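S.K.: Below is the structure I would like to discuss, written out as structure tokens.
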Amino acid sequence: MGYEQLWLDYTRKVSCKEAEGISYICVKIQDAKQDALIANSVKELQEAFLGMAGSRLTLRQECGQDAGAVQAGNADGHSICLAFREGMKAEAYHLFGEKGDIVIEASDSRGILYGTFDLIRQVQMENSLHTLDRFKAPAMPMRMLNHWDNMDGSIERGYSGESFFFEKNEIIVNDRTRDYARLAASVGINAVVINNVNVKDAATWLITDRYLDKVRELSEVFAEYGIRLYMSLNYAAPMELGQLDSADPLSDEVRDWWHKRMETVFGRIPNLGGFLIKADSEGRPGPFTYGRTHADGANMLADAAAPYGGIIIWRCFVYNCMQDWRDYRTDRARSGYDNFIGQDGMFRDNVILQIKNGPMDFQVREPVHPLLGGLTKTNQMLEVQIAQEYTGQQRHLCYLIPMFKQILQFRTYAREEEDTVMDIVSGRTFGQHNCGMAAVANTGNDDNWTGHDMAAANWYGFGRLSFEPELSAEEIAREWIRVTYGNDEQVEETLMFLLMSSWPAYESYTSPLGIGWMVTPDNHYGPSVDGYEYSRWGTYHRADHWGIGVDRSHEGTGYALLYREPNASVYDDREKCPDELLLFFHHIPYTWKLRSGKTVIQHIYDSHFEGVEAVDEMAEQFEKLQGKLPDKAYRRMAGRFMEQKEHAREWRDQINAYFYRKSGIIDEKGRKIY
Ligand code: GCU
């Protein structure tokens, strides 16, 4: 096989007496034999219980009974019972112990599958099974991964090898596809976009005969684990594939072309969920060319997909990437909001706007995107990135769930209550059912799937968080550690420490006070303070001899005022703005006193020294796990920590030297600055 099984590695033995006492699986579901999800649940339980607890589970198919009458007990051993129960929410399950038996009840087979994986987690964590009583319903309807995989096998912003979906312009369906689907489903993922949002070359042809059979095959593997397949679309496909001379969304010819294409595509791939579109963004085609709006473009596709229940996910990552750095009025941060807010309410019900968590682009710290909660009449979905493009590229450890938690907890004030980002993307705020959360995936064909072994915590964590956003980042981390590496206390505590220190540490030795973008252009790895300062991308820090930061207050670009009150007043006022976002919103003198009592310049120096110390401490703690983690994993991680230590120093020294030279202000602690 070569590759690893991560948190579904059933060769790891557990000590769980109750699991050892189970001998049967009773499936009390009509026609269960025809249901691949139920069959896969059974298989998963059999393999997990045998591998981890040594119990061989015999299958008993007992149909025709309702779940109310579940009485699984057998004289010769206990059972796990799978049963449907009416009246439960879609995808929800109830996992409970009953007189030595274990019952998973759900209203649909996805619920049974999720309950199954939950039970397996409980066994892995050696929890008591008899007393289980876990009633879980996913908070968000859409829990999605966006793969930026290209058909030549490369992955845009991929840091863990090549694609396992594509190779040399062909689609791969093999054992790894199934294992991917199992891993994703086990944490609650129910939708996957297989190809990069930048749709070019062969990928444009995914919706044609050339690939449809293979896409269907892939979609069937996904469907057996409750996952709907989505594809990214090339907005100009009618021109590239259909030889039309326009892609104008209001042209009858173009509309007709899409209607026929959708009929074919959905006809050939019944499990298809729909499409993701990046339009009029970073050079990708879109409706602007024809003087039309995003709503015109999205609705045209939505109308064509609607007869088949298809969903159109339209990205809001739209900005002018040909900006002049001399121009202080244009503000990239504003552009998503400015482009979409005027069209609130104009999108069809099967359109979802996918909004990046911040207004710029997955920096280590950004304010929450003002469209989230700005839009009130449009389906909204939150986009985060677990591929660590700007957060160490899976060479540095950066556990991102604490960041995502903060974003989800952010109050938008779109209403008096139930107004957080979590409420919005769960559909509570505006009564929406097409909403949820998507993450740009961090997987590739490396043996450990994610490059850094601990980056798997971001994949695992994203799924768990989108299913149960009320879980804390700590709870998720603990769970991931125990299901992956077992229940040794030292391993658990050390890895907890590493995960939970990692985002703060990364922020400390890289970007100060929310400014972002001091990265090497193009590859986005490593420091380059002025790398983007005089470029066309709209990503400036505006540092001069006196201070640093972008004035986005009412006196500057006015971005701060795009938020609802009281957020707008807080961000607009440099006295009230939280320290960690100060330079995002204001141009501030180096001598300005932060709420922490430090000056801006001293904060820059201190945090960069502290960040490096934190990484040294992390590396030291990690070394104590030698012999306690699987050898291969230990060695891989040790190599990454060495690199992280070295690169953190590079960050510290370049950033500190830059600001020392700009400001001429010495470090009050007299440390070495170059
Ligand atoms: C970032 C990233 C690109 C990507 C883009 C997007 O800018 O660097 O590679 O295409 O985001 O989200 O579309």
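Laboratory data are not the source of any read-out in this text; all were calculated from the coordinates shown. Not measured: the values here are computed from a predicted model. Please note: Cβ atoms are built from the backbone with ideal geometry, for glycine as well, and neighbour counts cover all protein chains shown.
S.K.: P(r) for the stretch 6-136: what percent of alpha-carbon pairs falls in each 5 Å bin, starting at zero?
M.R.: Pair shares across the bins are 2, 12, 23, 27, 21, 11, 3, 0.
S.K.: For the stretch 350-417 and the stretch 505-536, what is the centre-to-centre distance using only Cα atoms, to the nearest Å?
M.R.: 19
S.K.: Let me ask another. Determine, for the stretch 6-136, the count of lysine pairs separated by eight or more sequence positions (or lying on different chains) whose alpha-carbon distance falls under 20 Å.
M.R.: Details: Lys13/Lys43; Lys17/Lys99; Lys28/Lys43; Lys28/Lys89; Lys28/Lys99; Lys33/Lys43; Lys89/Lys136.
Lysine pairs, 8 or more places apart or on different chains, close enough: 7.
S.K.: Apply the Karplus parameterisation 6.51 cos²θ - 1.76 cosθ + 1.60, with θ equal to phi minus 60°, to every residue of the stretch 226-234 and state each ³J(HN,Hα) to the nearest whole Hz, in sequence, with x for glycine and proline.
M.R.: So the J values, rounded to whole Hz, are x, 9, 8, 8, 10, 10, 7, 10, 8.
S.K.: If the cut-off is a Cα-Cα distance under 16 Å, which lysines reach Lys593, setting aside same-chain residues fewer than 8 apart in sequence?
M.R.: Partners found: Lys576.
S.K.: What residues have an amide H closer than 5 Å to that of Cys26, excluding those fewer than 5 places away on the same chain, when H is modeled at 1.01 Å from N in the peptide plane?
M.R.: Arg60, Ile80, Cys81, Leu82
S.K.: Something else about it: Rounded to the nearest 0.05, what FRET efficiency do Ser569 and Tyr674 give with R0 = 56 Å and r taken as the Cβ-Cβ distance? Could you check? Before the final figure, lay out each step's value.
M.R.: Numbers: r = 41 Å, r/R0 = 0.73.
Once rounded, the FRET efficiency stands at 0.85.
S.K.: When the Cα centres of the stretch 657-674 and the stretch 601-622 are compared, how far apart do they sit, in Å?
M.R.: 17
S.K.: Here's another thing I want to ask about it. Taking K and R as +1 and D and E as -1, what net charge do the other residues with C-beta under 15 Å from the C-beta of Thr289 add up to?
M.R.: Details: positive: Lys278, Arg284, Arg292; negative: Glu240, Asp245, Asp248, Asp280, Glu282, Asp296.
Cβ neighbours under 15 Å give a net charge of -3.
S.K.: Send over the semi-axes of the chain's equivalent ellipsoid, whole angstrom and largest first, taken as the square roots of 5 times the C-alpha gyration tensor eigenvalues. Intermediate results must be reported in sequence, preceding the final value.
M.R.: On the way: eigenvalues 342, 216, 100 Å².
Here the semi-axes work out to 41, 33, 22 Å.
S.K.: If R₀ is 56 angstrom, what is the calculated FRET efficiency for the pair Asp530 and Ala36, using the beta carbon separation as r and rounding to 0.05? Let's see the in-between values first.
M.R.: Numbers: r = 55 Å, r/R0 = 0.98.
Step by step, r from the Cβ atoms, then E = 0.55.
S.K.: State to the nearest 20 debye the size of the charge dipole of the chain about its Cα centre, where the only charges are +1 on K and R beta carbons and -1 on D and E beta carbons. Intermediate values should be presented prior to the final figure.
M.R.: Working: 73 positive and 99 negative charges, 61 e Å.
Using Cβ point charges on Lys, Arg, Asp and Glu, the chain gives about 300 debye.
S.K.: Next question, about the same structure. What 222 nm value per residue comes from the helices of the chain, counting each DSSP H run with n ≥ 4 as -39,500 (n - 2.57) and dividing by all residues, nearest 500 deg cm²/dmol? Spell out each step's value before the answer.
M.R.: Working: 18 runs with 229 residues, N = 674.
Theoretical 222 nm ellipticity from helices: -10500 deg cm²/dmol.
S.K.: Same structure, new question: Using Cα atoms only, what is the angle between the long axis of helix 109-124 and the major principal axis of the chain, expressed in degrees (0 to 90) to the nearest 10?
M.R.: Tilt relative to the chain: about 80 degrees.
S.K.: Taking +1 at the Cβ of each Lys and Arg and -1 at the Cβ of each Asp and Glu, which of Leu582, Gly100, Gly283 sits farthest along the dipole of the chain towards its positive end, judged by Cα position relative to the Cα centre?
M.R.: Leu582
S.K.: Turning to a different aspect of this structure: Starting from the Cα of Ile341, move 7 Å in the Cα-to-Cβ direction to define the label point; list residues of the stretch 517-552 whose amide nitrogen is under 20 Å from there.
M.R.: Under cut-off, by backbone N: 550-552.
S.K.: Please sort 386-396, 337-347 by packing, taking for each peptide the average over its residues of neighbouring beta carbons within 10 angstrom, highest first.
M.R.: Values: 386-396: 25.4, 337-347: 16.8.
Most protected by this proxy first, the peptides run 386-396, 337-347.
S.K.: Given 0.36 nm per residue, what is the gain on full extension from Gln406 to Glu86 after removing their alpha carbon distance, in nm? Can you show the working numbers first?
M.R.: Values: separation 320, 0.36 × 320 = 115.20 nm, distance 3.55 nm.
Taking Gln406 through Glu86 to full extension adds about 111.6 nm, to one decimal.
S.K.: Which one, Gln61, Ala19, Asn434, projects farthest toward the positive side of the charge dipole computed for the chain from Cβ point charges (K/R +1, D/E -1)?
M.R.: Most positive-ward Cα: Asn434.
S.K.: Under 17 Å Cα to Cα from Lys598, which aspartates and glutamates show up? Leave out anything in the same chain fewer than 8 places away.
M.R.: Glu575, Asp579, Glu580, Asp606, Glu610, Asp667, Glu668
S.K.: Compute the length gained on full extension between Thr208 and Arg134: take 0.36 nm times their separation in residues and subtract their Cα-Cα distance, giving the result in nm to one decimal. Present the calculation step by step, with values, prior to reporting the outcome.
M.R.: Working: separation 74, 0.36 × 74 = 26.64 nm, distance 4.46 nm.
Going from the current span to full extension adds 22.2 nm.
S.K.: Turning to a different aspect of this structure: If I model a spin label at Asp522 and Asp201 as a point 7 Å from the Cα along the Cα→Cβ vector, what separation in nanometres do I get?
M.R.: If labels sit at Asp522 and Asp201, their model points lie 1.7 nm apart.
S.K.: Run the count for the stretch 142-485, please: Lys pairs, Cα-Cα under 23 angstrom, 8 or more apart or on different chains.
M.R.: Counting lysine pairs in the stretch 142-485 gives 12.
S.K.: Then there's this: Sum up the charges of everything whose Cβ sits under 11 Å from the Cβ of Pro141, counting Lys and Arg as +1 and Asp and Glu as -1, but leave Pro141 out. Working shown, then result.
M.R.: Values: positive: Lys89, Arg143; negative: Glu91.
Every neighbour counted, the sum reads +1.
S.K.: Continuing with this model, one more query. Mind grabbing the base-10 log of I(q)/I(0) for the stretch 142-485 at q = 0.12, 0.13, 0.15 Å⁻¹? Debye formula, identical points on the C-alpha positions, no solvent, two decimal places.
M.R.: Treating every Cα as an identical point scatterer, log10 I(q)/I(0) equals -0.83, -0.99, -1.35.
S.K.: Can you list the residues, at least 5 places off or on another chain, whose amide H is less than 5 Å from the amide H of Asn487, using H built in the peptide plane?
M.R.: none
S.K.: Here's something else I'd like to know. Suppose a student asked you for the relative contact order of the stretch 170-268, using Cα pairs under 8 Å spaced at least 6 residues apart; what percent would you report? It would help to have the intermediate numbers written out before the result.
M.R.: On the way: 91 pairs, mean separation 30.2, N = 99.
Once normalised by length, the contact order is 30 percent.
S.K.: Which value, in debye to the nearest 20, gives the size of the charge dipole of the stretch 414-460 about its Cα centre, when Lys and Arg are +1 and Asp and Glu are -1 at the Cβ?
M.R.: Dipole size: approximately 140 debye.
S.K.: Need one number: nm distance between label points at Asp667 and Tyr328, each 7 Å from Cα along Cα→Cβ, rounded to one decimal.
M.R.: 3.2
S.K.: Under 10 Å from the Cβ of Glu668, count the other residues' Cβ atoms, weight Lys and Arg +1, Asp and Glu -1, and hand me the total.
M.R.: Details: positive: Lys598, Lys669, Arg671; negative: Asp606, Asp667.
After counting each charged neighbour, the total is +1.
S.K.: Return the FRET efficiency for the residue pair Lys593, Thr376: r is the Cβ-Cβ distance, R0 is 41 Å, and the value is rounded to the nearest 0.05. All intermediate terms of the calculation are to be shown ahead of the outcome.
M.R.: Details: r = 39 Å, r/R0 = 0.94.
Once rounded, the FRET efficiency stands at 0.60.
S.K.: Now for a different question. For the residues Glu565, Glu263, Glu416, what sequence is obtained by ranking on other C-beta atoms within 10 Å, fewest first? Walk me through the numbers on the way to the answer.
M.R.: On the way: Glu565 9, Glu263 14, Glu416 6.
Listing Glu565, Glu263, Glu416 from fewest to most nearby Cβ atoms yields Glu416, Glu565, Glu263.
S.K.: For the stretch 395-462, build the charge dipole from Cβ charges (+1 Lys, Arg; -1 Asp, Glu) around the Cα centre, then report which of Leu397, His452, Phe410 sits farthest towards its positive end.
M.R.: It is Phe410, whose Cα lies furthest towards the positive end.
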